[in-house]
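Here's the structure, in structure tokens; my notes come after.
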Amino acid sequence: MNASEFSHVPVIDVAPLVERADERAHTAEQIGAACRESGFFYVTNHGVDESLCQRLDALSREFFAQSAAQKMQIAMARGGRAWRGYFPVGRELTSGKPDRKEGLYFGAELPLDHPAVRVATPLHGPNLFPGIPGFREAVLLYIDSLTALGHALMSGISLGLGLDEHYFKRRYYRDPLILFRIFNYPHSNASPSGETAWGVGEHTDYGLLTILRQDETGGLQVKSRSRWIEAPPIPGSFLCNIGDMLERLTRGIYRSTPHRVINTSARDRLSFPFFFDPSFDARMLPVEGLSNDTLADDSAERWDHASVHGFSGTYGDYLLSKVSKVFPELRNEVL
């Protein structure tokens, strides 16, 4: 629940953070205000190559246009504990209900001899890539570019809280968990029962920061206390939102805002959510020195009826408790 209604998602020029310019303090203040008010903000002048984004869009459309049999050659079941690969429409659940989307799961590319992979750490390992020329290279370059942007934005979030710019990195993500998704939302939004078929139902993200690129279709909605507002695509920008763990770490000063997607257009919708999250083994202890007199148990109001402030443990503990519900058939791979 946010402290008050908001009518729009702010747009912030983050060039000072990316370029480490003197104006970083002002940019950090803008980010801090957005995290308090809406939990969402657009970023412009972010330094990510637009031609790379367009190339990834074209390659993704080529992949999703393939037959089901071709796409299932890299099914998630083949990714094992790394939790990578393709899933078809209806296989991912939100609050127990199937989402109307298909997608690809990626993460930081880790070789089999990486220490985390050798000990079979869940959500760590090599990716599964389709055999489309240039796909692997585009995804890995995109992950590298967004990881750099994530570091820059998190430094702004630290500064906006009055902390040292490296506070979160030192304490929570010396080795951030990087996860990347490519989702395709089919254009028909009618379910066989006649009910609205949400591309993805109401939810919050789990970690620190989500950086989203969406195509021009639209359909993303953000909850403003008692109503839903649109978060339409803005050319050349990314839409960012904070996750559950940033809410927990800030003792509710920043809130992870519910959002959902429905595609009512006449074409498929592509989105590219990138998750910049704490290290898998980082303990989620709140930031020292922060207090929030209004902090209360909000579990009755949350989409999943679970307050993040009642959680204790590592980020890996929290994440696995969530993803095992999203893909029940893969639960045994990670638990």
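The values are calculated or read from the model by the stated rules, or taken from the named source; none is laboratory data. From a predicted model like this one, the values you see are computed outputs, not experimental measurements. Don't worry about glycine lacking a Cβ; one is built from the backbone with ideal geometry, like all the others, and counts go over all protein chains shown.
General observations
- Residue list for the stretch 111-166, restricted to those being among the small types (Gly, Ala, Ser) and assigned to a helix (DSSP H, G or I): Ala116, Ala138, Ser145, Ala148, Gly150, Ala152, Ser155, Gly156, Ser158, Gly160
Residue-by-condition table, conditions (1) of a type in the set (Phe, Trp, Tyr); (2) surrounded by fewer than 19 Cβ atoms within 10 Å (Cβ to Cβ); (3) touching a residue at least 60 places away in the same chain (Cβ under 8 Å); (4) assigned to a strand (DSSP E or B):
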site: Arg248; (1), (2), (3), (4): no, no, yes, no
site: Ile253; (1), (2), (3), (4): no, no, yes, no
site: Ser256; (1), (2), (3), (4): no, no, yes, no
site: Asn263; (1), (2), (3), (4): no, no, yes, no
site: Phe272; (1), (2), (3), (4): yes, no, yes, yes
site: Phe276; (1), (2), (3), (4): yes, no, yes, yes
site: Phe280; (1), (2), (3), (4): yes, no, yes, no
site: Pro286; (1), (2), (3), (4): no, yes, no, no
site: Ser291; (1), (2), (3), (4): no, yes, no, no
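- Selected residue (only one of Ala116, Ala108, Ala138 is out of contact with any helix residue (DSSP H, G or I) (no Cβ under 9 Å at 6 or more places or on another chain), within 30 Å of Ala282 (Cβ to Cβ) and small (Gly, Ala, Ser)): Ala116
- When we screen Val48, Val89 for residues that are outside any helix (DSSP H, G or I) and either within 30 Å of His151 (Cβ to Cβ) or in contact with a helix residue (DSSP H, G or I) (Cβ under 7 Å, 6 or more places away or on another chain) (or both), the only hit is Val48.
- Neighbours by Cβ (under 6 Å, 6+ apart or cross-chain): first from the stretch 73-84, assigned to a helix (DSSP H, G or I); second aliphatic (A, V, I, L, M): Ile74/Leu128; Gly79/Leu128; Arg81/Ala120; Arg81/Val334
- Scan of the stretch 162-173 for residues that are under 17 Å from Tyr254 (Cα atoms) and surrounded by 20 or more Cβ atoms within 10 Å (Cβ to Cβ), ordered by number: Phe168, Tyr172
- For the stretch 16-35, a residue qualifies if it is part of a helix (DSSP H, G or I) and either at positive phi or crowded, with 17+ Cβ neighbours inside 10 Å (or both), and the qualifying residues are Pro16, Leu17, Val18, Arg24, Thr27, Ala28, Gln30, Ile31, Gly32, Ala34, Cys35.
- Pairs where the first residue, in the stretch 133-162, is closer than 14 Å to Cys53 by Cβ and the second is modelled with pLDDT of 95 or more and of a type in the set (Ser, Thr, Tyr), C-beta under 6 Å, 6+ apart: none
- The stretch 4-31 residues that are under 12 Å from Gly156 (Cβ atoms) and touching a residue at least 40 places away in the same chain (Cβ under 8 Å), paired with ones that are exposed (fewer than 12 other Cβ atoms within 10 Å of the Cβ) and small (Gly, Ala, Ser) (beta carbon under 8 Å, 6 or more apart): none
- Just one of the numbered conditions (1) on the phi < 0 side of the Ramachandran plot; (2) surrounded by fewer than 17 Cβ atoms within 10 Å (Cβ to Cβ); (3) modelled with pLDDT under 95 is not true of Gly90: (1).
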